[in-house]
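The values are calculated or read from the model by the stated rules, or taken from the named source; none is laboratory data. Because the structure is predicted, anything quoted here is derived from the model rather than measured. Quick reminder, even Gly has a Cβ in these numbers, built from the backbone with ideal geometry, and neighbours come from all protein chains shown.
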Amino acid sequence: MTLRNMHSNISLVLTAILFFLMNGLSAQGVEMATNMRSEGKIYVVVAVVLIIFIGLAIYLFSIDKKLDKLEKNNPK
Amino acid sequence: MGKNWWKILGVVLVSYSIVGGFLVPVPELPILNETIRNTYFHIPMWFAMMALLSYSLFHSIKFLAGFDLQHDNKADQSVQVALVLGLFGLLTGMVWAQYTWGSFWTNDVKLNGTAISMLTYLAYIILRGSIEDEHRKAKVAAVYNIFAWVMMILFIMVIPRLNDSLHPGNGGNPAFGSYDMDNTMRIVFYPAVIGWILIGAWITSIKIRIKNIDDTQKYA
């Protein structure tokens, strides 16, 4: 067996191993945050974001009310 | 309440999209993984921006039809709010791109096109600032606004579709086709878009009213 043959054999084996590895990885499927969901921690995130957004909305409403008053005091 | 129903609707729709956006199952796609949920938050920014810019165009044309400065005020304020929403869209897009495409800024046609159109609208603001006379300012700005809107549509909607792009919906990819978005995503995505458009319109209306009060005091 010449050196060149050996090289091509080794690379063939390595390619095969890589191929099987990739296959195994893709078989596991796409990684999602399933654990976070099953533990129910995702609800904590939802609660925090909701508080911030609804808080901002209430703030916007109060600015809106203030404008109503200003418009009454400054008729066109 | 009465006249405020659409503001409450906007808050309800966005709240719904926050709950649904985190909890409703999404398609499990490689590379995107859980970040596909950004669709509910990043893309509505662009929709709201484009809605406001179209509203601005409408009022610029109305202004040119009768030279009523009230229309000019509406056009001006909606461009300002649209730019803020566009900035949010850019920033959220950059974070998303870093974790999926591997870089904060790629040479994607849609990214560069968006940057160019946002600069075009920034020039609108600068143009307004550079003219003293109210009527002259309004006229020049209204004409420029028509040009800017056409450029925005070309750069965001047309050119990315003619080239290869990483964005779905471009380079022959289906935008909201079954490949990217399934029906469960749609029931969260569309309310999110409508909700954010309403929130954008609300903030714009507040800015328009502030400007009106400011004007009545100035010319009183």
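Okay, residues lined up against (1) among the β-branched types (V, I, T); (2) not in a loop (DSSP other than H, G, I, E, B):
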position: B:V81; (1), (2): yes, yes
position: B:L87; (1), (2): no, yes
position: B:W96; (1), (2): no, yes
position: B:L111; (1), (2): no, yes
position: B:A115; (1), (2): no, yes
position: B:T120; (1), (2): yes, yes
position: B:Y124; (1), (2): no, yes
position: B:E132; (1), (2): no, no
position: B:K137; (1), (2): no, yes
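Conditions: (1) touching a residue at least 60 places away in the same chain (Cβ under 8 Å); (2) exposed (fewer than 13 other Cβ atoms within 10 Å of the Cβ); (3) within 14 Å of chain A (Cβ to nearest Cβ). B:Y219 meets all but one. Number of the miss?
Single failed check for B:Y219: (1).
When residues of the range B:1-38 are filtered for being β-branched (V, I, T), assigned to a helix (DSSP H, G or I) and at pLDDT below 90, how many remain?
Residues meeting the conditions: 2.
Give all pairs with beta carbons closer than 9 Å in which a residue from the range B:26-44 that is within 9 Å of chain A (Cβ to nearest Cβ) and closer than 20 Å to B:L85 by Cα meets a residue that is at pLDDT 95 or above and assigned to a loop (DSSP other than H, G, I, E, B); count only pairs at least 6 apart in sequence or on separate chains.
none
Quickly run through the range A:28-76 and pick out the residues that are more than 9 Å from every other protein chain (Cβ to nearest Cβ), within 30 Å of B:G2 (Cβ to Cβ) and of a type in the set (K, R).
If the condition is that a residue be more than 9 Å from every other protein chain (Cβ to nearest Cβ), within 30 Å of B:G2 (Cβ to Cβ) and of a type in the set (K, R), then A:K65, A:K66, A:K69, A:K72 are the ones that fit.
A quick yes/no check of all residues on (1) more than 27 Å from B:R186 (Cβ to Cβ); (2) touching a Ser or Thr at 6+ places or on another chain (Cβ under 9 Å); (3) surrounded by fewer than 21 Cβ atoms within 10 Å (Cβ to Cβ):
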position: B:W6; (1), (2), (3): no, no, yes
position: B:Y40; (1), (2), (3): no, yes, no
position: B:D76; (1), (2), (3): yes, yes, no
position: B:W96; (1), (2), (3): no, yes, yes
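Taking the condition closer than 21 Å to B:T120 by Cβ and away from chain A (no Cβ under 11 Å), does B:F47 pass?
Working: closer than 21 Å to B:T120 by Cβ: yes; away from chain A (no Cβ under 11 Å): yes.
In short, yes.
State whether one or more residues within the range B:123-132 are under 30 Å from B:Y40 (Cβ atoms), under 22 Å from the mean Cα position of the chain (by Cα) and buried (at least 18 other Cβ atoms within 10 Å of the Cβ).
yes
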